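A.B. asks: Following this message is one structure expressed as structure tokens.
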Amino acid sequence: MSALFDNTPSRKDTFSFKWQKYKGKDVIPAWVADTEFRCAQPILDAISAHVEHGNMGYILPAHHEGAINAVCRWLNDKHNWQIEPEWLVWTPGVVPAFNVAIKATCEEGDKVLIQTPNYPPLLAAPKLNGLERVDIGTVIETTLDSKGAKVERYTLDFDALEREAADPKCKLFILCNPMNPVGSVLTQSELDRIAAICNQHNVTLCSDEIHCDLILEEGKSHIPAGREAALSQNSITLMAASKTFNIAGLGTSFAIIPNRKLRLAFTQAAAGIVPWVTVLGLAATEAAFTLCDDWHQAQIQYLRENRDRVVEVINSIDGLRMLKADATFLAWVDASGLGVENVLTWAEEKGVGPSPGVDFHKADHFRINFGCSRAMLDTILARLSGS
Ligand SMILES: Cc1ncc(COP(=O)(O)O)c(C=O)c1O
């Protein structure tokens, strides 16, 4: 199946966000979080069928049984989460969804807790809504594996979360799980701790789980926030097929909100501002979540091998260091050891364009997207190694 991922369509001259930045330059783009892969054939067929039908008029997302059943099936089979169809609210992207979550849960003068480093639009969201952001840092935790070897992993600074959540002005905690950019997946005990803190201080949890179907580490699994009994009535879980199936350009995602009052507040906050999702996005999501299980597994395997290659090569370069990410196709690289003023410039001069860490609030890091063919990845790594 690796031919599916080895052979990628050229995105030059397609107005791709990722490729446009370095157009005409000998710099390989490795920044925006979409993959280079061609979509699974059932997704393309579903879109083609709708195009063939020929009518692109309004449709009712809330009545689109095919896509709704597909989401329910996927969550049941892949995440052991049995949801009621009415808990689902379609949103034309996770970014609008977490901004709507802020509007739905906060009033003027409130504060929003956000883990850092994090995805830039998430960091920007509180201010966009006239609110104060309170940063909860990420720390490196060290444990020993079954053979006694040291294992390092990024996790939340729980002491900071406990301290800051106690401020009655903090009404919402926006979490990213699996974490972007650091790639960790929260464990059961970590999620329990988050639930206890949120419940004790009446803080609603908005959990951005857009990367939840990209768990690369064997033995690890994703726990959706809303599946937890202690969080189901106090949470908004945001998901999409977009990252996993490379359909982000179709702007289709969904929120799962089991609590009726919270769901109503969310839909009211979105009313008149947030458009409905598109018919092609629904068709693609339906196909992704019903007909692409094998493709999904094959991609996980391919990405896992890409990740392992990235970890090995990056950690062999003087001045660079990274921890193995459990999930996502993103590698968070600590470039502080380079001792250079601008780590992005350092990479660009080598012909690679990662996401600058400064955008995630960590200026001496950068993020490399390894959701690409092995050949493209090898060129990226060879350039960074100077080989
Ligand atoms: C954590 C996270 N949330 C949201 C998004 C974007 O979501 P959307 O395109 O659905 O608005 C991204 C894209 O990189 C992301 O990494």
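Please treat every number below as a calculation from the coordinates, not as lab data. Bear in mind the structure is a predicted one, so any value in this text is a computation, not a measurement. Here the Cβ is made from the backbone with ideal geometry for all residues, glycine too, and neighbour counts use every protein chain on show.
A.B. asks: Considering the options 351, 387, 335, tell which one lies farthest towards the positive end of the dipole of the stretch 320-387, charges being +1 on Lys and Arg and -1 on Asp and Glu at the Cβ, about the Cα centre.
C.D. replies: It is 387, whose Cα lies furthest towards the positive end.
A.B. asks: Right, next: Given the chain reduced to its alpha-carbon atoms as identical point scatterers, what log10 I(q)/I(0) does the Debye formula return at q = 0.13 Å⁻¹?
C.D. replies: Debye intensities relative to I(0), on a log10 scale: -1.13.
A.B. asks: Shifting gears a bit: Summing -39500 (n - 2.57) over the DSSP H runs of n ≥ 4 in the chain and dividing by its residue number, what mean residue ellipticity at 222 nm do you reach, to the nearest 500 deg cm²/dmol?
C.D. replies: Only helices count here, giving -11000 deg cm²/dmol.
A.B. asks: Moving on. With a ≥ b ≥ c the root eigenvalues of the C-alpha gyration tensor of the stretch 297-352, is it rounded (a/c under 1.5), prolate (a/b larger than b/c) or oblate?
C.D. replies: On the way: a/c = 2.63, a/b = 2.10, b/c = 1.25.
In terms of gyration-tensor shape, prolate.
A.B. asks: Also, quick follow-up: Residues of the stretch 73-105 with the amide nitrogen closer than 13 Å to a label point 7 Å from the Cα of residue 293, along Cα-to-Cβ, please.
C.D. replies: Inside the label zone: 73-80.
A.B. asks: Given Cα pairs under 8 Å that are at least 6 residues apart, what percent is the relative contact order of the chain? Each step should come with its number before you reach the end.
C.D. replies: On the way: 751 pairs, mean separation 90.0, N = 387.
Relative contact order, the chain: 23 percent.
A.B. asks: Which of 78/243; 21/127; 127/171; 150/324; 171/243 have a Cα-Cα distance over 19 Å?
C.D. replies: In this structure, 21/127; 171/243 exceed 19 Å between Cα atoms.
A.B. asks: Can you give the charge dipole size of the stretch 102-244 about its Cα centre, rounded to the nearest 20 debye, using +1 on the beta carbon of Lys and Arg and -1 on the beta carbon of Asp and Glu?
C.D. replies: 180 debye
A.B. asks: Going toward the positive end of the dipole of the chain, with +1 on Lys and Arg Cβ and -1 on Asp and Glu Cβ, which of 214, 123, 225 do you reach last?
C.D. replies: Selected residue: 123.
A.B. asks: What aspartates and glutamates sit close enough to residue 12 to cross-link, taking a C-alpha to C-alpha distance under 17 Å and skipping anything fewer than 8 places away on the same chain?
C.D. replies: 26, 34, 36
A.B. asks: Ranked highest first by average number of other Cβ atoms within 10 Å, how do 278-290, 212-224 line up?
C.D. replies: In decreasing order of mean packing, 278-290, 212-224 become 278-290, 212-224.
A.B. asks: What is the packing order of peptides 26-36, 40-50, 174-184, taking the mean over residues of other C-beta atoms within 10 Å and listing the highest first?
C.D. replies: Details: 26-36: 19.5, 40-50: 17.2, 174-184: 26.5.
Result, highest mean first: 174-184, 26-36, 40-50.
A.B. asks: A further question on this structure: Quick one: putting +1 on the C-beta of Lys and Arg, -1 on the C-beta of Asp and Glu, what dipole do you get for the chain around its Cα centre, in Debye to the nearest 20?
C.D. replies: 440 debye
A.B. asks: Show the residues, 5+ positions off or on another chain, whose built amide H is closer than 5 Å to the amide H of residue 372.
C.D. replies: Correct list: 36.
A.B. asks: Continuing with this model, one more query. Give me the orientation-averaged projected area of the Cα convex hull of the stretch 103-173, in nm², one decimal. Let's see the in-between values first.
C.D. replies: Numbers: hull surface 22.6 nm².
Mean projected area of the Cα convex hull: 5.6 nm².
A.B. asks: Write down, largest first, the equivalent ellipsoid semi-axes of the stretch 1-81 in whole Å, where each equals the square root of 5 times an eigenvalue of the alpha-carbon gyration tensor.
C.D. replies: 31, 19, 14
A.B. asks: Then there's this: Fewest Cβ neighbours within 10 Å first, please rank 295, 276 accordingly.
C.D. replies: 276, 295
A.B. asks: Sorted by mean Cβ packing within 10 Å, highest first, what order do the peptides 100-110, 188-198, 135-145 take?
C.D. replies: 100-110, 188-198, 135-145
A.B. asks: Using DSSP, restrict attention to beta bridges with both residues in the stretch 56-291 and report what percent are antiparallel, rounded to the nearest 5. Present the calculation step by step, with values, prior to reporting the outcome.
C.D. replies: Details: 14 of 32 bridges.
The antiparallel fraction comes to roughly 45 percent.
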